[in-house]
Each structure stands twice: as structure tokens, then as C-alpha cells.
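Before any comments, here is the structure.
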């Protein structure tokens with residue numbers, strides 16, 4: 001079963017582009033958090049979404065909110081994507097899909113006429129106590145980061 005509103009942040013150990021084997025809770029460390037899932041590094045929509053979150057990072061920081069991106073790409077791919085796009089937030093490498101499965105974002109998708117299992121672009125907002133407050137499934141990349149920020153600022 002995937003995470004539901006009011007649930008606490010899953011207790012998972014993850015690999016990131018900057019740190020190997022870190023607890024997801026340590027990445028958040030008592031702050032609000034936006035965890036967004038995206039299909040693939042360096043693809044058009046995923047790059048747009050990452051750039052939008054990057055550009056708004058100071059605004060999220062001003063409200064004590066960290067941003068964390070998650071995909072099934074390797075740590076090496078994340079390191080390249082982070083460098084190319086000047087990202088200042090963590091990217092989690094979820095090659096074994098443990099984080100994706102905990103959040104229920106692996107879905108059957110149609111790609112080029114074939115059905116495949118892939119990440120459904122989704123975002124989750126946790127409060128400073130680590131409780132899930134808001135979920136955005138089936139996200140469109142363009143303008144999403146600004147909508148998330150506006151929502152959090154309105155709480």
C-alpha cells in the first residue's frame with residue numbers, strides 16, 4: 001500500500017547524487033519537504049521541472065522547505081544532471097524502486113504505443129513533523145513548482 005495523507009515519511013535509506021546511503025529523514029531533518037518523482041534525467045519535461053524547482057529553491061528555503069527529486073536513474077546520471085542544470089537540491093537514485101513503491105508512483109504507462117511500468121510524475125509535501133500534508137499525482141511539469149510553492153505559502 002502506498003503512502004496516504006497524514007502518514008509519516010517512510011523510514012528508508014537512499015542513495016543520492018551527493019551522499020551514499022543516507023536516511024530519507026536525515027535529508028529533511030525537521031524541515032518541510034517537497035519530494036517530487038520524475039521519469040528520467042535530462043528529458044525535456046523532467047529538465048523543465050527540475051529547472052523550475054531550481055529557480056524557486058531560494059523561495060522554498062525562505063519557508064524552511066527542502067526539495068528532493070526522485071527517479072530510477074543511477075547516481076552517476078543524477079550527478080551529471082545536477083551539474084548540467086546547476087541543481088542545488090538532492091536527487092535520489094531509486095534504481096531498486098523502493099522509494100517509488102513506498103509512494104505508489106510506479107504505474108502502467110503508454111509510451112510509443114507500448115505499455116510499460118514507469119514513474120508517474122507526482123509530488124508530495126511533508127510538514128516539519130514529517131507528516132504528509134498534500135499529494136499531487138499525474139503532474140504536468142510546466143508551472144508545477146510555482147503551484148506547489150504557492151500552495152505551501154498559503155498554508
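Brief remarks follow.
- Highest mean packing first, where packing is the average number of other Cβ atoms within 10 Å per residue, the peptides 36-49, 94-107 line up as 36-49, 94-107.
- Ranked by the mean number of other Cβ atoms within 10 Å of their residues, highest first, the peptides 112-123, 64-75 fall in the order 64-75, 112-123.
- log10 of Debye I(q)/I(0), alpha-carbon scatterers only, for the chain at 0.09, 0.15, 0.16, 0.18 Å⁻¹: -0.25, -0.73, -0.84, -1.10
- For the pair residue 84 and residue 40 in one chain, pulling the backbone fully straight at 0.36 nm per residue adds 14.4 nm over the alpha carbon distance.
- Helix-derived mean residue ellipticity, 222 nm - over the chain, DSSP H n ≥ 4, -39500 (n - 2.57), to 500: -9500 deg cm²/dmol
- Segment 1-143 - percent relative contact order, Cα under 8 Å, separation 6 or more: 33
Every number in this text was worked out from the coordinates using simple rules, so none of it is lab data. Source: prediction; values computed, not measured. When we count neighbours, we look across all protein chains shown, and the Cβ atoms used for this are built from the backbone with ideal geometry, even at glycine.
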